[in-house]
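Notes follow the structure.
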Amino acid sequence: MSNCTICKTETAEVYIRRDDYAYVRCPNCGFVFLDPMPDAEFLSRVYNEDESAIDVASYPKAASRMRRAMLKALGLWPYYVGRDALDVGCGGGFMVAAMRRLGARSVGIDISRESIKYARARFPRADFVNETFEAFLAQGRKFAFLYSSEVIEHIGDVEGYMRFLAGVAAPGARLYLTTPDMGHPNVPDDPAQWNMVSPPRHVQLFNERNLYCLLAEYGFEVIKRYPKDAPTLQVLARKI
Ligand SMILES: [Zn+2]
């Protein structure tokens, strides 16, 4: 039994079992999370040492990834042009490179050594770091634009992640965040059949209400939601 990270309600009911993992669901806000939550050491192994760890071969369609990143970056251009931008969980660095081409001073951070190695080799002029959030936060760098796409659902310590985002956000910074949407009508009736239910990589799943609550708690006010037919939350928030 655990308390909901977002609203602190006691949460015990197992909602979905998959492999050796159990997700519980907060009866108050609907937040769905693994219980027990894997610790940082375990998750670091998942991303760095398992056979499934990302390596250079994970980016075989680099040209199409780059095109998609450029299209995405074009839509967000007003928020980072001429400013400092941080891609949190940057993977192979495509978005960092795209924002840089379009005028950002962009930096990428990722937990995966192999991803950062790939990003540095492919985009040698861009800035990539392979550090813990704590180490990076301690440097005191601030960013006007934060990009966090399909990352937060992977993070065991979601409060630590939010402290990181809040800590690196300059006053008035914009945060673009995407994550699967557990509350979307296109999620299967039996949520265990949903491909986003994929432990231990997806350790938690949000809906609109509890995501907005979490963001608000750390000083981020949602100013735009991008409507999607697919079950995904895409929001733009402003750091107050
Ligand atoms: Zn809750």
Would you mind putting 220-230, 110-120, 74-84, 152-162 in packing order, based on average other-beta-carbon counts within 10 Å, highest first? 110-120, 152-162, 74-84, 220-230
Could you work out how far the C-alpha centroid of segment 1-45 sits from that of segment 141-198, in angstrom? 16 Å
Multiply the residue separation of Asp39 and Ala192 by 0.36 nm, subtract the distance between their alpha-carbon atoms, and state the gained length in nm to one decimal. 52.8 nm
Too-long pairs where the Cα-Cα distance tops 31 Å, listed order kept, from Lys117/Lys228; Lys8/Lys72; Lys61/Lys228: Lys117/Lys228; Lys8/Lys72
Segment Glu49-Tyr226, extension gain: residue separation times 0.36 nm, minus the distance between their alpha carbons: 60.2 nm
For every other residue with a beta carbon closer than 12 angstrom to the beta carbon of Gly103, add +1 if it is Lys or Arg and -1 if Asp or Glu, then tell me the sum. +3
Long-range amide H partners of Arg238 with built H, under 5 Å: Leu175, Glu221, Val222, Ile223
Local net charge near Ile223, Cβ-Cβ under 15 Å (Lys/Arg +1, Asp/Glu -1): +3
Suppose every Lys and Arg Cβ carries +1 and every Asp and Glu Cβ carries -1, with no other charges. What dipole size does the chain come out with about its Cα centre, to the nearest 20 debye? 1580 debye
Residue-averaged [θ]222 nm for the chain, counting only DSSP H segments that reach four residues, each worth -39500 (n - 2.57): -8500 deg cm²/dmol
If you take every residue apart from Met162 with its C-beta less than 13 Å away from the C-beta of Met162, what net charge results, scoring Lys and Arg +1 and Asp and Glu -1? -1
Under 5 Å between amide hydrogens, which residues at least 5 positions from Cys4 or on another chain qualify, with H placed 1.01 Å from N in the peptide plane? Thr9, Glu10, Thr11
P(r) histogram, all alpha-carbon pairs of segment 129-238 included - 5 Å bins from 0, percent: 2, 12, 22, 24, 18, 12, 6, 3, 1, 0
With the charge dipole of the chain built from beta-carbon charges (+1 for Lys and Arg, -1 for Asp and Glu) about the Cα centre, the Cα from Ala98, Phe220, Ser198 projecting farthest to the positive end belongs to Ala98
Using modelled backbone amide H atoms (1.01 Å from N, in-plane), which distant-in-sequence or interchain residues come within less than 5 Å of Ala169's amide H? Phe143
FRET efficiency for Val14 and Arg113, using Cβ-Cβ distance with R0 set to 45 Å, rounded to 0.05: 0.85
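Each reported figure results from applying straightforward, stated rules to the coordinates on display, with no laboratory input. All of these numbers come straight from a predicted model, not from anything done at the bench. Note: ideal-geometry Cβ built from the backbone for every residue, glycine included; neighbour counts use all protein chains shown.
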